[in-house]
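Chemist: Can you keep this structure in mind? I'll have questions shortly.
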Amino acid sequence: MQSLLTVLINPIQGREADFNDWYTNVHIRDVMRFPGSIRVQRLVASAAQLDPPSHKYFTIYDTFDPALLSWAHKDAMGTRRMVVTRAHDKATQINGYYYPLAARTNQPTTLTPDTQPLILEQIDVSASEAADFESWYADTRLPGLLRAPSHVSGMLMRFDPAGQIFKLNPVYSHIAIWRVEDLETALSGWRNDSEERRLSGLKRRVSCFEVMAPYLTRDHVLDASAEMQQIE
């Protein structure tokens, strides 16, 4: 994995069933056919939250070459290779490639966590503060939270203009993705985190998501059964 393409998205009111049918059975499968893609997973906002979630759905695409995948996205736009729906709220969608800076895990043999919920931490840090923030997060926050109950892994990532589908100013400069065994138990550690004061002056949102389905890989799509091809 070179980077993650993360997408926060909401359906149009009254079109949620159409949106989910398109996203699960058409859109993510279209993207998995593009060069540069590895796998994708869809998640839905959990009932357990620290902050009210801004978006109901969260998608994570693993890619080994974001520039190549972005080129394929652009090349397919407006063609049958990437069918687009009007059932999603395009105006509120937040997406972008984030590049890993630091990662830790309590379960090193769990390579593809298909069922574990996650906590998405979005943080906006100024360029002048970024180096100190990244060092603190990697050296203090990551190992500290992984000692809290129910935490499996954590990864800090940074937005970079390289490889983005379009030029954009990110809503958040950094994200962290935490896989946990149980959200309610894990969130108790966040509520009692003594290091939270380091984040109090920053623009920040914490959202919790449950897995909708296991990872879908590029191979799953390229070698799809006749039944799956018919559904698609």
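Chemist: Mind counting the residues in segment 183-214 that are open to solvent by 60 Å² or more (accessible area, probe 1.4 Å), assigned to a loop (DSSP other than H, G, I, E, B) and without any contact (Cβ under 8 Å) to a residue 60 or more places away in the chain?
Modeler: Total satisfying the criteria: 3.
Chemist: Also, I was wondering about something else. Step by step: first the residues of segment 122-134, then only those that are part of a strand (DSSP E or B) and not hydrophobic (A, V, I, L, M, F, W, C), then the one that is least open to solvent (accessible area, probe 1.4 Å). Which residue is that?
Modeler: Ranking the qualifying residues of segment 122-134, first place goes to 122.
Chemist: Could you tell me whether segment 196-206 includes any residue that is in contact with a helix residue (DSSP H, G or I) (Cβ under 9 Å, 6 or more places away or on another chain) and closer than 21 Å to residue 59 by Cβ?
Modeler: Just the residues of segment 196-206 that are in contact with a helix residue (DSSP H, G or I) (Cβ under 9 Å, 6 or more places away or on another chain), to begin with: 196, 198-199, 202, 206.
Narrowing further to those that are closer than 21 Å to residue 59 by Cβ: 206.
Checked against the condition, which is being in contact with a helix residue (DSSP H, G or I) (Cβ under 9 Å, 6 or more places away or on another chain) and closer than 21 Å to residue 59 by Cβ, segment 196-206 yields at least one hit.
Chemist: Considering each residue of segment 65-84, count those that are free of Cβ contacts under 8 Å to residues at least 24 places away in the same chain and among the hydroxyl-bearing types (Ser, Thr, Tyr), and give that number.
Modeler: 1
Chemist: Residue by residue through segment 140-170, note down the ones that are in a loop (DSSP other than H, G, I, E, B), under 19 Å from the mean Cα position of the chain (by Cα) and crowded, with 16+ Cβ neighbours inside 10 Å.
Modeler: Selection gives 163, 164, 165, 170.
Chemist: Could you list all residues from segment 127-172 that are closer than 24 Å to residue 104 by Cβ and among the hydroxyl-bearing types (Ser, Thr, Tyr)?
Modeler: 135, 137, 140, 150, 153, 172
Chemist: Just need a number here: residues in segment 101-121 that are loosely packed, with under 15 Cβ neighbours inside 10 Å and in a loop (DSSP other than H, G, I, E, B).
Modeler: Looking only at that region, the number is 9.
Chemist: Restricting to segment 85-114, what's the tally of residues that are under 22 Å from residue 10 (Cα atoms), out of contact with any Ser or Thr (no Cβ under 7 Å at 6 or more places or on another chain) and in contact (Cβ under 8 Å) with a residue 24 or more places away in the chain?
Modeler: As a first pass, look at segment 85-114 and keep what is under 22 Å from residue 10 (Cα atoms): 85-98.
With the extra rule that they be out of contact with any Ser or Thr (no Cβ under 7 Å at 6 or more places or on another chain), the set shrinks to 85-94.
If we keep only those that are in contact (Cβ under 8 Å) with a residue 24 or more places away in the chain too, we end up with 85-89, 92-94.
Going through segment 85-114 one residue at a time, the tally reaches 8.
Chemist: Let me ask something else. Could you say which residue among 137, 98 is open to solvent by less than 40 Å² (accessible area, probe 1.4 Å), out of contact with any His (no Cβ under 6 Å at 6 or more places or on another chain) and part of a helix (DSSP H, G or I)?
Modeler: Of the residues listed, the single one that is open to solvent by less than 40 Å² (accessible area, probe 1.4 Å), out of contact with any His (no Cβ under 6 Å at 6 or more places or on another chain) and part of a helix (DSSP H, G or I) is 137.
Chemist: Would you call residue 28 modelled with pLDDT of 95 or more, farther than 20 Å from residue 122 by Cα and under 14 Å from the mean Cα position of the chain (by Cα)?
Modeler: Working: modelled with pLDDT of 95 or more: yes; farther than 20 Å from residue 122 by Cα: yes; under 14 Å from the mean Cα position of the chain (by Cα): yes.
Taking the combined requirement at face value, the residue satisfies it.
Chemist: So, one more: When the residues of segment 110-145 are filtered to those that are of a type in the set (Asp, Glu) and modelled with pLDDT of 95 or more, which remaining residue is farthest from residue 181 (Cα to Cα)? Walk me through how you get there before you give the answer.
Modeler: We begin by selecting, within segment 110-145, every residue of a type in the set (Asp, Glu); these are 114, 121, 124, 129, 132, 134, 139.
From what's left, modelled with pLDDT of 95 or more: 121, 124, 129, 132, 134, 139.
Working: 121: 17, 124: 27, 129: 32, 132: 30, 134: 25, 139: 23 Å.
Among those that are of a type in the set (Asp, Glu) and modelled with pLDDT of 95 or more, it is 129.
The values are calculated or read from the model by the stated rules, or taken from the named source; none is laboratory data. Being a predicted model, the structure only gives us computed values, none of them experimental. Don't worry about glycine lacking a Cβ; one is built from the backbone with ideal geometry, like all the others, and counts go over all protein chains shown. Heavy atoms of the whole protein, side chains included, go into the accessibility calculation; ligands, DNA and RNA do not. Shrake-Rupley method; radii C 1.70, N 1.55, O 1.52, S 1.80 Å.
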